[in-house]
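Worksheet: one structure, shown below.
Just so it is clear, none of the values below were taken in a lab; they were calculated from the coordinates. Fair warning: this is a prediction, and the values are worked out from it, not measured in the lab. With ideal geometry, Cβ positions are generated from the backbone for all residues, glycine too; neighbour counts draw on all protein chains shown.
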Amino acid sequence: MRAMIIDDSRPIRRIEGEILSELGFDTCDACHGKEALERLQEGPRPDVILVDWNMPEMDGLEFIKAVRDDARYSGMVILMVTTETEPEQMLRALSAGADEYLMKPFAKDGLVDKLKLVGVV
């Protein structure tokens, strides 16, 4: 299984990457949505993407919309992992195509539970 982590915070990418590696995922990362789209085009395709909301270049919401508008990426699981805690923001992300939503800060078990919920572990 492959996972992509998109976050402008290097420590968050490292933490999420360690958790995913422990679960058996091969991981790659990007520091914003635009870089992540470029990596998706290069391949290989990840099974799950963890994406932050607030990033430079292209934020997570824009990234989700771009991925969901491209038939090549249908069926790809996207988990929004963000500090955005307002219910309206959660609704916007889910409406845009996020499969699940996890608020930072999170515990390892919280991330694992969300990954189980979307069926990738």
Efficiency of FRET from Cβ geometry, residue 22 and residue 47, R₀ 25 Å, rounded to 0.05: 0.95
Whichever lysines have a C-alpha closer than 21 Å to that of residue 116, once near sequence neighbours (fewer than 8 apart) are set aside: 104, 108
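Multiplying the sequence separation of residue 91 and residue 57 by 0.36 nm and subtracting their Cα-Cα distance, what value in nm do you get? Please report the intermediate quantities before stating the final value.
Details: separation 34, 0.36 × 34 = 12.24 nm, distance 2.27 nm.
That pair, residue 91 and residue 57, stretches by 10.0 nm at full extension.
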Roughly how many debye, to the nearest 20, is the charge dipole of the chain about its Cα centre, given +1 on each Lys and Arg Cβ, -1 on each Asp and Glu Cβ, and no other charges? 220 debye
Which residue, 45, 13, 92, tops the fluctuation ranking in a GNM of the chain built on C-alpha contacts under 10 Å? 92
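Calculate the all-directions average of the projected area of the chain's alpha-carbon convex hull, and give it in nm².
Details: hull surface 25.8 nm².
Convex hull of Cα atoms, orientation-averaged projection: 6.4 nm².
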